[in-house]
Every structure is written in C-alpha cells, then in structure tokens.
Amino acid sequence: MKALLCTRYGTPDDLSFIDIADPEPATGEVVVKIAAAALNFFDTLIIAGKYQYKPAMPFSPSAEFAGTVERLGAGVTSLKVGDRVLGYSGHGAAREKIALAADRLVKLPDRLDFDRAAGLTVTYGTSLHALKDRAQLREGETLAVLGASGGVGLAAVELGKIMGGRVIACASSAEKIAFAKKHGADGGIDYASEDVKDALRRMTGGRGADVIYDPVGGPYAEAALRSIAWLGRFLVVGFAAGDIPKLPLNLVLLKGCDVRGVFWGSWIERDKAGHRANTEQLIAWCADGKLSSHVHAVYPLSEATDALKAIAARKVMGKIILRP
Ligand SMILES: NC(=O)c1ccc[n+]([C@@H]2O[C@H](COP(=O)([O-])OP(=O)(O)OC[C@H]3O[C@@H](n4cnc5c(N)ncnc54)[C@H](OP(=O)(O)O)[C@@H]3O)[C@@H](O)[C@H]2O)c1
C-alpha cells in the first residue's frame, strides 16, 4: 500500500511517499481501508519533532480518518467487514490502510460522507470537551473564540451555537470572520486590525465574555483575558501563534475567573466512555446537518506536502482532507 512516511524530523518536503507492506490485524484489532484522512495543525509539529507526543520512526502523520472495515483480528465481535467507521489513531492515518483496536472505531450512518466524518473527531471532539466538560457553557452566555475560522475554532463556533451561546468570532481577517459568521457566529473581531480587549468589551456592553476559547495564544491570550466577565472561564486550548503566553495572575484574582486547561488527547484515555458518548453525539449532529465539518480542500495523499504547507501558512478555513 501507499503511505506518507516521516523518516526524519523536518519540513513537509522531508516526508516520503512510498510503498510499504499492508498491516495485519492483531487480536482485538481491525484493518480499515481509509477513504479519507484528516490533517490538523499538530501534524505540522509532529513531523518536525516539535509536538508533545513523538511517535517511533518511521511513522505517518494524520491522526484521524474514516473508511471501511476490511479485515477483523481474532476476538473482534463489535464490527463486521464492510462497516463504515471513523477512528482516532493519534498518528499513522496518512496511508491506504490502518490496523487499530476495534474499540477505537465508531460506526457511521450511511448519510454521513467519509470526508466530513474523517475531520470530526479531533476538532469537534476537542471543542465539545472544552465547552461542555471544561467550561460548562450555559445557554445565553457569551463565548469568544480566537482563531475562529481554524479547525478547533470553527468547531467551537458551531458547538457554542448548538449549546445556546452568543458567539463572538475572533480571527485575523475580514474574510475569516465572514466565514465564521456563515457558520453561526453572532459577531466578529478582526484582531489583525482591532485590539481584542477593547473590541470584546465594546461587544459585551463592558461586561466581558463569559467563556474565552483560545487555541492561538501569542499576544491575543492576555488581551482576551483582560476582557473576561466576572466568574468567566478562560480555556487554554493551544498555541498556534507559536509563543506560549504567560498570564498575570492578578487578572485571575480581579476577575474572579478560572483558567482551565483543555487536553483532549489525555482526557479520551482517562474517560473512554465519555469520549465515545461525545463522538457519537458529534456524528449524530453532523449527519443531521447541525455541524458542517467544513472541508476546506481535498488533496490526493501524494500531495500531502502541499496540504501541510497550507496549514502552516495560516491559509486553511476548516479541515484539510487527504484521499489515499
Ligand atoms: N488542547 C487540545 O486538546 C487540542 C486539541 C486539538 C488541537 N489543539 C491545538 O489547537 C491549535 C489549533 O489547531 P487547529 O488544528 O484548529 O489549527 P488550524 O486549523 O491551523 O487553526 C489555527 C488558527 O490559529 C491561527 N493562527 C495564529 N497564528 C498562527 C500561525 N502562526 N500559524 C498557523 N495558525 C495561526 C489561525 O487563525 P487566524 O489567522 O485567524 O489567527 C488559524 O486559523 C493548535 O495549537 C493545536 O495543537 C489542541
């Protein structure tokens, strides 16, 4: 089978696209023929050796996929050959087939296409865990989402609306804000031209945002925290801007607010039942048209290098899908 392989840390241009042996299913595993694999921002880090998690070499990037069950390992009774499934593997999905424990796969309804299903687990899973389990976002509360047109950001915009929030999309261009508004955001802040702190205050009548969802970090984190509401929750999701901000703790005191970490990858190992329930909920919402799982572009697997470069260049709105 064809596979995109990282054999040494580097840039997307250092990846190899080569033939390797098909996987064999171990006990409890199934082999899935991948129809669509999704990329995330962290794939740009994992191939550079800059991500918190470092798979053994050689490995394929792409942490999530959708496809069809092709072979069953011994002891698998929950799935059958031909079932349509999605899965989260952490890495290893940028290839034609993958072997994975059956309990890491979730069945898909026929009405949900593979491209949208492939990109559902990580971004929407992270944002649902963040808004529901960590922030306990309540109906009528104001949610400010930084990086609102990106993968996790757009998911937070759509889920925030489903949960009854008033969503303010913060992004680096008018085009990105218009895109987030098309996906349900009630208002927007262009942080390339406006100060997030002043704009958030203005848009909340001076009250501030109840929940701030921050997957970007850099200079925006502290500016946003300065406009959090009394008893607000600031969600630390990621640092796409590169710099890990340091927050002055006096702000946390003065606002009576919480700074809450979101580590979806660890939570899904600690609460497998909660993760499965969230994933099944996301699949149902997406199949019913309540979530877009918007696909920015589909690339053939052989052109994954260009896809990774587009993510690193901040050009992507929604998800990038690779098709083996
Ligand atoms: N905590 C968790 O459990 C968890 C789970 C998944 C992902 N994450 C993290 O969340 C972050 C976003 O992931 P994603 O997959 O949603 O990424 P993405 O689709 O590439 O979106 C990231 C957004 O960050 C903004 N950004 C600002 N500076 C950037 C830069 N230098 N390069 C690229 N983007 C930049 C961009 O929006 P603007 O141009 O509008 O600023 C972009 O839309 C990453 O740090 C990722 O590791 C965390």
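The values are calculated or read from the model by the stated rules, or taken from the named source; none is laboratory data. If you're wondering where the values come from, they're calculated on a predicted model, not measured in any experiment. Don't worry about glycine lacking a Cβ; one is built from the backbone with ideal geometry, like all the others, and counts go over all protein chains shown. With ligands, DNA and RNA removed, areas are computed over all heavy atoms of the protein, side chains included. Shrake-Rupley method; radii C 1.70, N 1.55, O 1.52, S 1.80 Å.
At-a-glance table
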item	result
Where only alpha carbons of segment 236-306 are counted, the Rg and the Dmax (Å)	18.2, 52
Those trypsin sites (Lys or Arg not before Pro) in segment 1-97 that DSSP places in a loop and that have at most 16 other beta carbons within 10 Å	Arg8, Lys50, Lys80
Tensor-based shape of segment 106-145 (alpha-carbon gyration tensor, a/c under 1.5 rounded, otherwise prolate or oblate)	prolate
Assigned charges on the beta-carbon of Lys, Arg, Asp, Glu; segment 212-277 dipole about Cα centre (debye)	180
Size of electric dipole in the chain: Cβ of Lys, Arg +1 and of Asp, Glu -1, about Cα centre, debye, nearest 20	520
Beta bridges per DSSP with both ends in the chain, % antiparallel, nearest 5	55
MRE, 222 nm, helices only [DSSP H, n ≥ 4, -39500 (n - 2.57), over the chain, to nearest 500]	-8000 deg cm²/dmol
Debye intensity ratio in log₁₀ form over the Cα atoms of segment 148-210, taken at each q of 0.24, 0.27 Å⁻¹	-0.98, -1.16
At 0.890 mPa s and 25 °C, Stokes D of segment 197-324 from Kirkwood alpha-carbon radius, µm² per second	141
Restraint check, Lys176/Lys197; Lys54/Lys290; Lys132/Lys290, Cα-Cα greater than 26 Å	Lys54/Lys290
Segment 174-232 - Rg (one decimal) and Dmax (whole number), Cα, Å	11.3, 32
When the chain is reduced to its Cα atoms, the Kirkwood hydrodynamic radius in Å	20.0
Kirkwood hydrodynamic radius of segment 1-126, Cα pairs, Å	14.7
Charge tally in the Cβ shell below 15 Å around Ala63, where Lys, Arg are +1 and Asp, Glu are -1, Ala63 excluded	+1
Range of Cα positions in segment 135-278 per principal axis (Å), largest first	42, 37, 32
Debye-sum result for segment 265-319 in log10 I(q)/I(0), which assumes one identical scatterer on each alpha carbon, at q = 0.21 Å⁻¹	-0.88
Accessible-area order (highest first, 1.4 angstrom probe) of the listed residues Asp133, Asp83	Asp133, Asp83
The chain, accessible surface, carbon-and-sulfur percent (1.4 angstrom probe)	52
For His275, solvent-accessible area (1.4 Å; no DNA, RNA or ligand), Å²	40
